[in-house]
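In what follows, a structure is listed as structure tokens, so that the remarks can point back to it.
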Amino acid sequence: MCKIKHWLILTLLVAVLSGCQDKSSISFNPESDPVTGIASVVILKPDTNMVYLEDYITDFSAIDSVYYEDKNYVFDRDAKTLEILTPFQEISPLSQILISCGSDLYTIVCRKSPKLKTDVLFKPVAGKNYSSVSIAGDFNGWSPGKDTLIQEGNNWKISLNLDQGLYQYQIVADGVWMNNPSAGDTVSNGIGGYNTLLNAAANIDADKLSLETLSFDDNSIVIGASEVPDRMFILWQNQILPIDLKNFKSNAYKFDIPEEAAAYKRSYIRVYACKSGYVANDLLIPLNDGKVLYNTSDITREDKFSNIMYFVLADRFFDGNKNNNFKINDSRVADKANYQGGDLYGVLQKLQEGYFEKLGITCLWISPVFRNPDEAYQEFPEPKRYYSGYHGYWPVSSTEIDYRLGNDSVFKALVNKAHDKNMNVILDFVANHVHEKHPLYQAHKDWATPLMLPDGRQNIRLWDECRLTTWFDTFLPSWDFENPEVSDTVSQYAIYWLARFGIDGFRHDATKHIPEAFWRLLTKKIKTDFPGKSIYQIGETFGNRELIAGYVGSGMMDGQFDFNLYFDARNSFAGSDSEMKNTALSLMTSLGYYGSFHLMGNITGNHDLIRFISFADGSVLPGEDDKEAGWKRDIEVENLSSYKKLQSLNAFVLSIPGIPCIYYGDEIGLPGAGDPDNRRVMKFSGLSEPEQETFDITSKLINIRKNNIEFLLGTTTVVDARKRAMIIKRKYFDRESYIIFNQSDSVNDVLIAKSEIKDINKFNSNFNSEITELSSNYQIRLNPFSFEILTGR
């Protein structure tokens with residue numbers, strides 16, 4: 001780069017960082033933007049900060065250089081990386097990477113990980129002495145060997161560096177797992193036991209910097225801040241807008257929408273700010289032809305944030321073609337572990353009948369449709385039952401549709417019909433493993449990871465110890481993705497499904513068991529082969545939020561399923577005397593990890609977990625193996641209140657940021673213990689009164705979300721959270737809604753201050769709760785296990 005151009009870039013960089021820029025010095029030119037889509041935020045951590053620029057940029061030919069905002073970095077053009085060398089303690093809470101293309105600058109925002117020193121103290125019960133004490137929790141993959149406590153007198157202590165949030169753990173003393181008697185709070189682990197709760201400075205209080213949208217006109221936007229920030233970035237697409245923090249007036253800031261935005265059907269304004277080391281919630285403001293997106297009628301299925309997902313387990317949904325019903329002819333296979341006749345014809349029929357439209361769904365997630373084996377196989381763990389591949393996760397072909405589900409023609413018809421109805425279709429893609437009869441494995445057995453470990457053990461289901469190599473079963477070899485041929489071949493299978501059927505994305509099975517490099521390769525291929533097409537990718541990872549977030553970003557997934565939030569919400573909504581603050585803290589922790597407007601999946605349940613309604617019902621006994629419960633007896637709903645609890649969970653999932661995902665049957669309260677009992681045949685007729693009520697309420701909740709834009713793009717505030725009650729507020733400009741929960745077995749009068757809601761008459765009560773005006777509050781009377789949603793008139 002010539003010296004004069006380098007001088008120009010540094011001059012612009014100084015202007016950008018100063019928070020005071022002359023508009024004429026900024027050139028808005030999205031056409032020259034080398035970044036594909038909107039650049040996700042880079043999270044900077046205490047250890048090495050290596051940014052893989054190909055996550056953002058597919059073509060480097062027009063790039064002059066890439067900079068971090070200070071001089072302590074190394075840009076390697078050949079490796080396409082930027083290493084940030086600034087000591088962690090010196091990194092600003094918000095910073096930026098700048099990409100220069102001629103006179104244009106493009107920005108990737110960086111956020112410093114808010115790691116906090118969190119102390120854990122273990123005081124053994126009197127008379128107990130231990131030689132070794134460690135800690136295992138969701139922050140270290142439940143691995144007791146990673147973090148060892150140090151003995152200080154009779155006590156043991158450890159300091160952990162954790163992001164703000166809630167964590168669960170147990171003490172492991174001389175090999176014995178136990179809760180920490182020195183800590184007061186415990187929480188259900190979801191399988192009949194309890195874990196110790198660790199709060200690493202998680203909070204729901206609004207005493208720190210927060211941002212909100214205030215007003216707009218055709219040419220400008222006004223945002224608000226609880227106080228004037230130390231630093232603020234406003235971006236249109238991936239370019240910084242000129243700002244001057246001195247122009248804050250009464251904690252409001254007005255800025256102009258770039259004139260260039262009028263040329264684009266959909267573009268985005270984003271706002272980031274920090275003060276005194278604290279990073280505020282971010283803002284996302286889509287533009288429609290250069291004007292603020294305000295009407296939900298302007299939203300299309302290409303807007304990923306609008307997805308409302310429904311998971312169809314094809315074999316268990318609906319039988320639309322009796323001619324392809326072929327069970328595995330093996331007496332060792334129980335009926336519930338065999339094929340039930342559901343197929344793609346059945347999904348298409350329900351699509352044509354309008355079932356999904358009536359419910360309000362905008363995105364169908366279809367279970368794997370790949371050809372599976374024609375024989376039964378014995379599961380590795382005890383009691384070693386025999387199963388068929390009805391679920392689709394044992395592919396013997398990665399391009400052929402299983403004849404028991406349909407064929408290419410019916411799948412194309414299904415996708416086309418969904419698109420005609422303004423719905424997306426994503427396919428469950430299995431990349432991690434194949435069945436041993438898969439022809440690719442038969443031709444290249446050396447492409448799989450070793451089944452036997454050096455110590456003589458079989459590498460089967462060692463989920464954390466051998467995360468990237470473990471097999472799911474003896475007949476399911478996992479691919480060795482360190483081999484470039486494997487990654488190229490398997491990623492090309494995914495491209496095949498996009499190209500042949502025009503699907504809109506993938507749910508990726510077993511995401512954490514595959515190296516990040518594979519996901520980067522697949523996403524790069526998608527960006528290159530399908531430029532401009534909206535492809536949504538969501539992963540499945542059971543683990544802590546840091547592990548989950550490691551697979552989310554511009555170069556990999558759009559999101560993953562937020563199992564941590566689900567488990568916390570499940571504990572709260574399934575109980576009758578619940579501490580709702582734990583769910584509120586979990587919600588705010590997720591927003592801190594994944595961003596205020598993330599595309600993470602918020603589930604009502606899934607095919608690997610006991611059905612929520614059965615968990616809430618107590619149908620499975622405390623400490624009982626939920627899978628075995630489904631084999632031993634018929635699990636049915638015994639308490640009508642369990643339907644109310646499910647309705648409340650659905651209301652929570654459909655009210656918060658992210659992508660709601662309804663597991664088939666959760667719209668009616670289909671019961672079930674663990675797998676495979678949680679995969680019963682879907683019920684469409686003969687619904688009981690509480691089942692029909694649950695369907696109607698879920699449909700109403702979905703339509704409230706679809707028709708009130710604050711649920712899609714609004715800021716999120718926990719107004720109140722306590723034992724048995726919680727209030728959440730969603731706000732987008734002048735659109736406000738309040739979601740109020742009563743999680744107790746009695747009528748509860750929940751109060752909202754008049755300082756919060758100035759005029760209750762400006763709100764609709766969607767579920768007809770009795771509202772009484774008091775001197776300084778509004779009182780909302782809620783029935784047991786119920787909720788109310790107040791939306792602006």
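The values are calculated or read from the model by the stated rules, or taken from the named source; none is laboratory data. No experiment lies behind these values; they were computed from the predicted model shown. In this analysis, Cβ positions are derived from the backbone assuming ideal geometry, glycine residues included, and neighbour counts consider all displayed protein chains. Keep in mind that these areas ignore ligands, DNA and RNA; they rest on the heavy atoms of the full protein, side chains included. Shrake-Rupley method; radii C 1.70, N 1.55, O 1.52, S 1.80 Å.
Checked against (1) assigned to a loop (DSSP other than H, G, I, E, B); (2) small (Gly, Ala, Ser); (3) on the phi < 0 side of the Ramachandran plot, Ala418 passes all but a single condition, namely (1).
When the stretch 591-602 is limited to residues that are among the hydroxyl-bearing types (Ser, Thr, Tyr) and at pLDDT 95 or above, the one that is surrounded by the fewest Cβ atoms within 10 Å (Cβ to Cβ) turns out to be Ser596. Being open to solvent by less than 10 Å² (accessible area, probe 1.4 Å), within 30 Å of Leu687 (Cβ to Cβ) and not in a loop (DSSP other than H, G, I, E, B) is the requirement here; does Gly605 meet it? Against the criterion (open to solvent by less than 10 Å² (accessible area, probe 1.4 Å), within 30 Å of Leu687 (Cβ to Cβ) and not in a loop (DSSP other than H, G, I, E, B)), Gly605 does not qualify.
Residues in the stretch 770-793 that are under 24 Å from Phe573 (Cα atoms), in contact (Cβ under 8 Å) with a residue 24 or more places away in the chain and either open to solvent by 40 Å² or more (accessible area, probe 1.4 Å) or in a loop (DSSP other than H, G, I, E, B) (or both): Arg781, Asn783, Pro784, Phe785.
Quick check on Gly532: is it on the phi > 0 side of the Ramachandran plot and in contact with a helix residue (DSSP H, G or I) (Cβ under 8 Å, 6 or more places away or on another chain)? Spelling it out, it is not the case that Gly532 is on the phi > 0 side of the Ramachandran plot and in contact with a helix residue (DSSP H, G or I) (Cβ under 8 Å, 6 or more places away or on another chain).
Quick one: in the stretch 684-720, of everything that is of a type in the set (Asp, Glu) and over 23 Å from Gly595 (Cα atoms), which residue is surrounded by the fewest Cβ atoms within 10 Å (Cβ to Cβ)? Going through the qualifying residues, I end up with Glu689.
All of Gly127, Gly137, Gly102 fail the test of being modelled with pLDDT under 95 and buried (at least 20 other Cβ atoms within 10 Å of the Cβ), apart from Gly137. The single condition among (1) surrounded by fewer than 17 Cβ atoms within 10 Å (Cβ to Cβ); (2) closer than 20 Å to Phe733 by Cα; (3) polar (S, T, N, Q); (4) in contact (Cβ under 8 Å) with a residue 60 or more places away in the chain that Ser226 does not meet is (4).
Could we say that Thr362 is farther than 30 Å from Asp677 by Cβ and either hydroxyl-bearing (Ser, Thr, Tyr) or crowded, with 21+ Cβ neighbours inside 10 Å (or both) here? Explain how you work it out, then say what you get.
Values: farther than 30 Å from Asp677 by Cβ: no; either hydroxyl-bearing (Ser, Thr, Tyr) or crowded, with 21+ Cβ neighbours inside 10 Å (or both): yes.
No, not satisfied.
Do we find that Tyr253 is in contact with a strand residue (DSSP E or B) (Cβ under 6 Å, 6 or more places away or on another chain), among the aromatic types (Phe, Trp, Tyr) and modelled with pLDDT under 95 in this structure?
Working: in contact with a strand residue (DSSP E or B) (Cβ under 6 Å, 6 or more places away or on another chain): yes; among the aromatic types (Phe, Trp, Tyr): yes; modelled with pLDDT under 95: no.
Taking the combined requirement at face value, the residue does not satisfy it.
Count of the stretch 640-659 residues, restricted to those that are among the hydroxyl-bearing types (Ser, Thr, Tyr) and either touching a strand residue (DSSP E or B) at 6+ places or on another chain (Cβ under 7 Å) or in a loop (DSSP other than H, G, I, E, B) (or both), is 2.
Being open to solvent by less than 40 Å² (accessible area, probe 1.4 Å) and part of a loop (DSSP other than H, G, I, E, B) is the filter here, so list the residues in the stretch 289-311 that pass it. Even if it seems obvious, please write down each step before you answer.
From the stretch 289-311, those open to solvent by less than 40 Å² (accessible area, probe 1.4 Å) are 290, 292-293, 296, 299, 303, 305-311; that's our starting set.
Hits for the stretch 289-311 are Gly290, Leu293, Ile299, Asp303, Asn307, Ile308.
Sort out which residues of the stretch 456-472 are at positive phi and within 27 Å of the chain's Cα centre (by Cα), and write them in order of number. Result: Arg461, single match. Confirm whether Ala517 is out of contact with any Gly (no Cβ under 6 Å at 6 or more places or on another chain), open to solvent by 10 Å² or more (accessible area, probe 1.4 Å), within 16 Å of Phe411 (Cβ to Cβ) and without any contact (Cβ under 8 Å) to a residue 60 or more places away in the chain. Against the criterion (out of contact with any Gly (no Cβ under 6 Å at 6 or more places or on another chain), open to solvent by 10 Å² or more (accessible area, probe 1.4 Å), within 16 Å of Phe411 (Cβ to Cβ) and without any contact (Cβ under 8 Å) to a residue 60 or more places away in the chain), Ala517 does not qualify. Residues in the stretch 626-636 that are open to solvent by 40 Å² or more (accessible area, probe 1.4 Å) and part of a loop (DSSP other than H, G, I, E, B) were compared, and the one that is nearest to Met309 (Cα to Cα) is Glu636. Pairs meeting the criteria (first residue in the stretch 629-644 and among the acidic types (Asp, Glu), second residue in a helix (DSSP H, G or I) and open to solvent by less than 60 Å² (accessible area, probe 1.4 Å), beta carbons under 7 Å, at least 6 apart or on different chains) are Glu638/Asp617.
Within the stretch 322-353, the residues that satisfy the criterion of being in a loop (DSSP other than H, G, I, E, B), surrounded by 18 or more Cβ atoms within 10 Å (Cβ to Cβ) and within 35 Å of the chain's Cα centre (by Cα) are Asn338, Tyr339, Gln340, Gly341, Gly342, Asp343. You will find that of Pro229, Pro286, the residue that is at pLDDT 95 or above and assigned to a strand (DSSP E or B) is Pro286 and no other.
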